[in-house]
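Each remark here refers to the structure printed beneath this line.
The values are calculated or read from the model by the stated rules, or taken from the named source; none is laboratory data. Computed from a predicted model, the values in this text were never measured in an experiment. Note: ideal-geometry Cβ built from the backbone for every residue, glycine included; neighbour counts use all protein chains shown.
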Amino acid sequence: MNKYGMLAALISIVVFLQLLPSVRNKQHCDSGYQADTTAYHFNADGTVRHRTTGLVWERCLVGQTLNNAGTPDKFTDDYCEGKPSKLSWFDMQQRMKRNPGARLPSITELKTTMIAECKTPAVNLTIFPGTPHKGLLMSADEKTQKKDKTARYFYAISLYSSSMQLFQKNSRAYARFIREQVLTKNDKKKLIKQSLPKEKTEALPANNQQQETDQ
């Protein structure tokens, strides 16, 4: 085989490998990174509770369903079935109305689910399986323009790199709902007694209008 034939064969192999989902969509993490699940408590209903913030998150994105792989007492082998829905901000509001107790997270809350050690996606896949390697995660936070007080933009986080970005409300994105817990009187008394500190919120940037690059 001459050098041109070898080059053509090499290119064919590279293209083939790029087309394989296991290679193309592989998560990239820092050397030595190990997935840590101790910050979350796993619930049998397909949610996790963050031990510090108390927030209860759906493990799968909107449009997906959690499958426990036949081992309900083992959470590390769970996976999400179905294709996650990419919806506009307006459509997501309608979806929430059909899911009592579910809400979109603020951008500050959403940041707590991201990890700096990994990209594509920048989340812990043991806790949040089935997360696409790129795209946007929608938040409930809106932005208004000085000349027009009508909110027409929303903040989102890139699954590819965990960067915060700003998009028009007709842009489509994924969503991970927070599940509001229904507290009994005894639960409320316990929370008051524990005097849990309120989570600090971060000021949103005034002029953040990056263009969508990784949907």
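Hey, LEU137 hits all of (1) in a loop (DSSP other than H, G, I, E, B); (2) buried (at least 19 other Cβ atoms within 10 Å of the Cβ); (3) not charged (D, E, K, R) but one; which does it fall short on?
Unmet for LEU137, out of (1) in a loop (DSSP other than H, G, I, E, B); (2) buried (at least 19 other Cβ atoms within 10 Å of the Cβ); (3) not charged (D, E, K, R): (1).
Out of all the residues in region 119-160, which are among the acidic types (Asp, Glu), more than 17 Å from LEU104 (Cα to Cα) and modelled with pLDDT of 95 or more? Give the steps one after another, and end with the answer.
Here is the first cut: in region 119-160, the ones among the acidic types (Asp, Glu) are 141-142, 148.
Subset that is more than 17 Å from LEU104 (Cα to Cα): 148.
If the condition is that a residue be among the acidic types (Asp, Glu), more than 17 Å from LEU104 (Cα to Cα) and modelled with pLDDT of 95 or more, then no residue fits.
Which number in (1) surrounded by 14 or more Cβ atoms within 10 Å (Cβ to Cβ); (2) more than 14 Å from TYR174 (Cα to Cα); (3) touching a residue at least 60 places away in the same chain (Cβ under 8 Å); (4) of a type outside the set (Ser, Thr, Tyr) marks the one condition that GLY54 misses?
(1)
Can you tell me which residue in region 29-38 is nearest to ALA122 (Cα to Cα), limited to those that are in a loop (DSSP other than H, G, I, E, B) and under 18 Å from the mean Cα position of the chain (by Cα)? Lay out the reasoning, then the answer.
First, pick out the residues of region 29-38 that are in a loop (DSSP other than H, G, I, E, B): 30-38.
Then keep just the ones that are under 18 Å from the mean Cα position of the chain (by Cα); that gives 35-37.
Numbers: ALA35: 12, ASP36: 14, THR37: 15 Å.
Of everything passing the filter in region 29-38, ALA35 is nearest to ALA122 (Cα to Cα).
Can you tell which of LEU66, LEU61 is part of a strand (DSSP E or B) and modelled with pLDDT of 95 or more? Don't jump to the end; show me each part of the working.
Numbers: LEU61 fails: part of a strand (DSSP E or B).
Of LEU66, LEU61, the one residue that is part of a strand (DSSP E or B) and modelled with pLDDT of 95 or more is LEU66.
Tell me, which residue of region 39-53 that is within 17 Å of the chain's Cα centre (by Cα) and in a loop (DSSP other than H, G, I, E, B) is nearest to THR112 (Cα to Cα)?
THR53
Which ones in region 92-111 are touching a residue at least 12 places away in the same chain (Cβ under 8 Å) and either surrounded by fewer than 16 Cβ atoms within 10 Å (Cβ to Cβ) or among the charged types (D, E, K, R) (or both)?
Applying the first criterion (touching a residue at least 12 places away in the same chain (Cβ under 8 Å)) to region 92-111 yields 92, 95-96, 99, 101-111.
If the condition is that a residue be touching a residue at least 12 places away in the same chain (Cβ under 8 Å) and either surrounded by fewer than 16 Cβ atoms within 10 Å (Cβ to Cβ) or among the charged types (D, E, K, R) (or both), then ARG95, ASN99, GLY101, ARG103, GLU109, LYS111 are the ones that fit.
Would you confirm whether any residue within region 79-86 is aromatic (Phe, Trp, Tyr) and either outside any loop (DSSP other than H, G, I, E, B) or over 22 Å from MET164 (Cβ atoms) (or both)? Before the answer, list the steps.
Filtering region 79-86 for residues aromatic (Phe, Trp, Tyr) gives 79.
In the following step, the residues that additionally are either outside any loop (DSSP other than H, G, I, E, B) or over 22 Å from MET164 (Cβ atoms) (or both) were identified as 79.
Scanning region 79-86, I find at least one residue that is aromatic (Phe, Trp, Tyr) and either outside any loop (DSSP other than H, G, I, E, B) or over 22 Å from MET164 (Cβ atoms) (or both), so the answer is yes.
Would you pick out the residues in region 69-87 that are out of contact with any Pro (no Cβ under 8 Å at 6 or more places or on another chain), modelled with pLDDT of 95 or more and crowded, with 16+ Cβ neighbours inside 10 Å?
Within region 69-87, SER85, LYS86, LEU87 qualify.
Is it fair to say SER171 is under 17 Å from TRP89 (Cα atoms), crowded, with 20+ Cβ neighbours inside 10 Å, modelled with pLDDT of 75 or more and among the hydroxyl-bearing types (Ser, Thr, Tyr)?
No: the conditions fail for SER171.
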